[in-house]
Amino acid sequence: LIAAAGVAVFTYDSFSSVDALDFRSSFLNGVLRSSRAFFTITWCVADYKYSVRNLQADSDQYAAALSEIHLRLAGRILKLCDANRGFYVKAGQFVSSMRQVPKEYSSTLSYLQDQALPYDFKTISGVVARSLGKDTTEIFFSFDEQPIAAASIAQVHRALLKNNQEVAVKVQYPGLENQMKFDLATMGFFSNIISWLIPEYNLEWMVSEFTKSITSELDFIQEAKNSERAAHNFRKNKMVTIPRIYWDATSSQVLTMQFCEGQKIDDIGYLRQKGISPFEVAKALVDMFSEMIFVHGFLHGDPHPGNILVSPQGPDAFSLVLLDHGIYRELSEEFRMNYCRLWEALILLDSQKIQRLGETFGVGKYAQFLPVIFTGRTIDSKSVLGGGRTPEEQKRLKEEMKSVNLEDVFSFMGSLSPDFLAVLRSHGMLRSLVSKLGAPKRIQLLGYSEYAVRGLYAANPRAESGSAIAVTMSRVKAGIKYFKLMILLG
């Protein structure tokens with residue numbers, strides 16, 4: 001309790017603009033939530049240190065015991081997220097989408113992806129009135145009191161504007177900004193303590209990435225701008241629909257957008273009922289995110305099933321509706337091009353180029369594992385893309401992995417740039433969705449490879465400079481190389 005109060009006091013300066021009543025409420029709530037966190041994390045750290053004290057790190061007994069420990073601790077963290085709700089649920093969702101954490105945590109915390117309790121309509125209508133300066137009856141012809149979706153920071157209601165346009169209204173829960181200061185300060189405090197007590201678990205990079213993403217997600221004005229930019233990027237892609245924004249009914253806490261019909265992308269029953277091929281949906285999904293990564297350099301940061309709908313309308317009897325544009329990562333042009341080059345090297349099995357790019361990305365000695373992470377092949381593999389590993393390669397990789405421990409994994413993650421972390425997280429979530437749709441892994445590998453080639457040679461968004469003859473020759477050379485690589489992909 002003392003430690004939790006200390007964390008709350010630490011954030012005191014952030015509340016200079018908050019009135020006394022709101023501050024007392026936020027302070028007491030912050031102390032309660034931080035106390036729960038302090039108790040749970042202390043218990044987890046003590047349990048971990050005690051349980052592994054007599055085990056050799058390279059033994060089979062250690063690996064089996066560690067799995068049991070992780071599962072036990074993940075269950076406690078899940079209970080903490082359930083009790084504290086809000087940003088703790090969001091943090092749990094963030095961790096569950098990371099393939100780089102032990103699978104016991106990602107699988108256990110995935111329960112949080114669809115867990116959210118909606119606020120009552122009186123509270124929601126109050127947020128709309130304060131934020132837009134008008135009552136809901138002055139802006140909307142009708143406003144459904146029952147939400148159609150509820151998440152950890154907002155809920156969505158169906159409504160009808162005065163011009164009879166059907167819209168979806170996303171309303172942010174009240175008091176989140178104050179709550180965020182306490183919760184992020186608590187998470188930062190505990191990540192530092194854990195890194196000090198258990199050096200192999202350096203979580204600072206994860207808390208840093210979560211803080212950046214959640215801060216941007218609370219600003220609905222920025223989300224609306226991201227949405228319009230993404231819609232412009234996909235203006236020629238008829239398979240992707242991004243809802244139109246209605247600025248007259250949008251503020252930092254209320255977002256009004258076009259209502260689009262559809263069901264979650266992983267609803268296999270719905271797809272079969274509508275006669276839509278899950279395989280084609282998986283391919284369209286991979287193409288959409290590949291285009292964002294390799295061509296646009298503007299990446300949606302939260303591609304979970306609730307944010308991607310399948311609509312029964314579109315050029316191929318369906319289209320994808322992309323929602324929730326609060327979290328985006330604008331990839332630097334240098335990173336985008338180097339990431340395209342990495343995939344070109346992965347296609348060509350150019351181990352020297354992979355090593356050089358690994359140095360560029362800052363992963364150093366871990367560069368040899370980049371082909372394993374992305375394609376499943378080892379760096380010296382001779383198998384075709386998507387063909388898996390031979391028994392000899394599997395045996396050699398197993399031997400190499402014996403020397404890799406959790407400290408190496410977290411060291412690897414800590415060395416990555418924010419851009420690389422963003423594409424790595426997206427890659428893991430896409431892989432999970434493709435698997436749920438029953439499509440082979442090859443779909444994602446081929447999609448990434450094709451768009452990486454496009455990003456390098458066929459769809460460079462930067463205008464070319466120089467004489468007309470030089471530009472023409474450059475395009476011809478690029479076209480030939482693009483054609484060769486596409487033949488190699490088969």
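The values are calculated or read from the model by the stated rules, or taken from the named source; none is laboratory data. Please read these numbers as outputs of a predicted model, since none were measured by experiment. Quick reminder, even Gly has a Cβ in these numbers, built from the backbone with ideal geometry, and neighbours come from all protein chains shown. Just the protein is used for accessible areas: all its heavy atoms, side chains included, with ligands, DNA and RNA removed. Shrake-Rupley method; radii C 1.70, N 1.55, O 1.52, S 1.80 Å.
The number of residues in region 71-85 being farther than 14 Å from W43 by Cβ and crowded, with 19+ Cβ neighbours inside 10 Å comes to 2. Only residues that are in contact with a helix residue (DSSP H, G or I) (Cβ under 7 Å, 6 or more places away or on another chain) and part of a helix (DSSP H, G or I) were counted across region 225-246, and they come to 1. Within region 159-186, residues that are under 30 Å from F39 (Cα atoms) reach partners that are part of a strand (DSSP E or B) with beta carbons closer than 8 Å, at six or more positions or on different chains, in the pairs Q172/A154; Q172/V254; Y173/A154; Y173/Q155. Is it the case, given these coordinates, that L309 is on the phi > 0 side of the Ramachandran plot and buried (at least 17 other Cβ atoms within 10 Å of the Cβ)? When the stated conditions are applied, L309 does not pass them. Going through (1) under 27 Å from K365 (Cα atoms); (2) surrounded by 14 or more Cβ atoms within 10 Å (Cβ to Cβ); (3) at pLDDT below 85 one by one, A422 falls short only on (3).
Within region 349-364, being in contact with a Lys or Arg (Cβ under 8 Å, 6 or more places away or on another chain), part of a helix (DSSP H, G or I) and open to solvent by 40 Å² or more (accessible area, probe 1.4 Å) holds for one residue alone: K353. Residues in region 238-281 that are within 26 Å of D144 (Cα to Cα), aliphatic (A, V, I, L, M) and touching a Leu at 6+ places or on another chain (Cβ under 8 Å): I242, I245, A249, V254, I265. If the condition is being part of a helix (DSSP H, G or I), open to solvent by 40 Å² or more (accessible area, probe 1.4 Å) and more than 20 Å from A422 (Cα to Cα), then region 197-224 contributes L197, I221. Looking at the structure I just gave you, is F289 more than 18 Å from the chain's Cα centre (by Cα) and either outside any loop (DSSP other than H, G, I, E, B) or surrounded by fewer than 21 Cβ atoms within 10 Å (Cβ to Cβ) (or both)? In short, no. Scanning region 50-70 for residues that are in contact with a Leu (Cβ under 9 Å, 6 or more places away or on another chain), open to solvent by less than 100 Å² (accessible area, probe 1.4 Å) and not in a loop (DSSP other than H, G, I, E, B) yields S51, Y62, A65, L66.
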